[in-house]
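Asks: One structure is given below, represented as structure tokens, and several questions about it will come after.
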Amino acid sequence: MAVSRIKALIECDIHKVWDTVSDVRNYGWRCDLSRTEIIDEKQFIEYTKDGYPTAFTVTVTEPYRRWEFDMENTNMTGHWSGIFTAKGTSTEVEFTECVKAKKFYLRPFVKVYLKRQQRLFVEDLKKAVS
């Protein structure tokens, strides 16, 4: 299982950061998504720009503190957690992904892919809340 973690300080109030990340209906700030589909309160699907779906099941919601979910698509299964900490007028975020590739030939590339995706997510988030 590959584990990737990113920590960043975002120059924005924790409420706006949390609201942006956790509002899966308003995905427009994410440059990698074409759409989202809400199944119910705990489940949603994200579609990449190429239309590739990943299903998510929310497992923990502690507003303005912690958000976690399980995720799965045809290539992987895993878990994502986000920790949000107010630092004055800024917000520290720590995002951790633990992913297992379903296809053996993808395993060597998972960690590099996760790191790239996490950097992109944080860059998009910083732009969205600035």
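The values are calculated or read from the model by the stated rules, or taken from the named source; none is laboratory data. Just so we're clear, the structure is a prediction, and the values are computed from it rather than from any experiment. Ideal geometry is used to build each Cβ from the backbone, glycine not excepted, and the neighbour counts take in all protein chains shown. For accessibility, only protein heavy atoms count, side chains too; no ligands or nucleic acids. Shrake-Rupley method; radii C 1.70, N 1.55, O 1.52, S 1.80 Å.
Asks: Expressed as an acute angle from 0 to 90° and rounded to the nearest 10, what is the orientation of the C-alpha long axis of helix 110-129 relative to the principal long axis of the chain?
Replies: It works out to around 30 degrees.
Asks: Please go through the residue pairs K102/K127; K16/K100; K49/K126; K7/K111 and name each one whose alpha carbons sit more than 23 Å apart in this structure.
Replies: Over 23 Å apart, Cα to Cα: K102/K127; K16/K100.
Asks: Per residue and in Å³, how big is the convex hull formed by the alpha-carbon atoms of the stretch 79-130?
Replies: Cα convex hull per residue, to the nearest whole number: 73 Å³.
Asks: Determine, for each peptide in 109-116, 46-53, the mean count of other beta carbons within 10 angstrom over its residues, then list the peptides with the highest first.
Replies: Descending mean neighbour count gives 109-116, 46-53.
Asks: Using the Kirkwood radius over Cα pairs, work out the Stokes-Einstein diffusion coefficient for the chain at 25 °C and 0.890 mPa s, in µm²/s as a whole number.
Replies: Calculated translational D: 163 µm²/s.
Asks: Also, quick follow-up: Carbon and sulfur together cover what percent of the accessible area of the chain at a 1.4 Å probe radius? Don't skip to the end; give the middle numbers.
Replies: Details: 4010 of 7570 Å².
C and S atoms contribute 53 percent here.
Asks: Suppose all protein chains stay in the model; what accessible area per residue would a 1.4 Å probe give for the chain, in Å²?
Replies: Details: 7570 Å² over 130 residues.
For the chain, the solvent-accessible area averages 58 Å² per residue.
Asks: Can you give me the relative contact order of the stretch 1-84 as a percent, contacts being Cα pairs under 8 Å and 6 or more apart?
Replies: Here the relative contact order equals 17 percent.
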